[in-house]
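Structure first, then comments.
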Amino acid sequence: NSNLSKILPQHQKEYSSNTSKLTQELNKLNNWVQSTLDTIPDKNRKLLTTHEAMIYYVKAYGFPYKGSLADIRNEDNLTDTKVKNLAQYIQKTKAPTVFADTTINLMSLQPITSKANVKLFDRQLYIDGLGKPGSDGETYQKMIDANTRSIVEGLGGTYLKFKPNIGK
C-alpha cells in the first residue's frame, strides 16, 4: 500500500480503503473457517491429503494433520505392493476420508482408498494454487471457501457458504 502510494500518490485514499476492506474480509474469512471446522465431530478430525502443502492450513486452524500420500504423485509406478503399503498407511492414520488435490487423477486413488476401506472425497482441494477463472477457487477467498467446504463435508461437519465481498 505505501509503495503504491509513493508511485501514484493521487490514489492513496483508494489504496488505503481497499487495504482496509481486504483486511476486514480476510479476518472474517479466518473466523468463518475456524467456526466451520469446529463443526466437524472430534472422531473425524483427521486430515489426510495427497499433498503436503496443506500444512499451512492445519497449522493456522489447529487441525490434526495425518500427512500426505506423496507416493501417489507418480501413478505409473502404482504397483500392488505400493497400493497395499499406502492402504496400510491410510488405515494407521485412522483418517475417515482422503482428500486429493486438483493435480491428482482420482481414478488412481480409488484402488488405494477401497483397499483401506475409507472414503475418497470427490471434490478436489486447491493446493498448488488458485483455480482457473470461473471455478470455485478462482480467488484466494473462494479457494479457502472451497477447500473448507470439501474438508468439512468430507469429515461430517456443517458447511455454510462464506460470501466474499472482495475478489468476486
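The values are calculated or read from the model by the stated rules, or taken from the named source; none is laboratory data. Since the model is a prediction, treat every value here as computed from it, not as a measurement. Quick reminder, even Gly has a Cβ in these numbers, built from the backbone with ideal geometry, and neighbours come from all protein chains shown. To get the accessible areas, we keep the full protein, side chains included, count just its heavy atoms, and leave off ligands, DNA and RNA. Shrake-Rupley method; radii C 1.70, N 1.55, O 1.52, S 1.80 Å.
Brief remarks follow.
- Residue within the range 142-154 that is surrounded by fewer than 20 Cβ atoms within 10 Å (Cβ to Cβ), on the phi < 0 side of the Ramachandran plot and polar (S, T, N, Q) present: no
- 1 or more residues touching a residue at least 40 places away in the same chain (Cβ under 8 Å) and in contact with a helix residue (DSSP H, G or I) (Cβ under 7 Å, 6 or more places away or on another chain): qualifying strands (runs of 3 or more DSSP E) within the range 46-145: 47-49, 97-99
- Tally, over the range 42-54, of residues that are in contact with a strand residue (DSSP E or B) (Cβ under 9 Å, 6 or more places away or on another chain) and open to solvent by less than 70 Å² (accessible area, probe 1.4 Å): 9
- Selection status of Asn165, in contact with an Asp or Glu (Cβ under 8 Å, 6 or more places away or on another chain), under 21 Å from Ser35 (Cβ atoms) and at pLDDT below 90: yes
Residues checked against (1) in a loop (DSSP other than H, G, I, E, B); (2) of a type outside the set (Val, Ile, Thr); (3) surrounded by 11 or more Cβ atoms within 10 Å (Cβ to Cβ):
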position: Ser5; (1), (2), (3): no, yes, yes
position: Gln10; (1), (2), (3): no, yes, no
position: Lys13; (1), (2), (3): no, yes, no
position: Thr19; (1), (2), (3): no, no, yes
position: Gln24; (1), (2), (3): no, yes, yes
position: Asn27; (1), (2), (3): no, yes, no
position: Val33; (1), (2), (3): no, no, yes
position: Ile40; (1), (2), (3): yes, no, yes
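- Checked against the criterion of being more than 22 Å from Lys163 (Cα to Cα) and open to solvent by less than 10 Å² (accessible area, probe 1.4 Å), the range 64-86 contains one or more residues that satisfy it.
- Selection from the range 92-121 of residues that are buried (at least 17 other Cβ atoms within 10 Å of the Cβ) and of a type in the set (Gly, Ala, Ser): Ala95, Ala100, Ser108, Ala116
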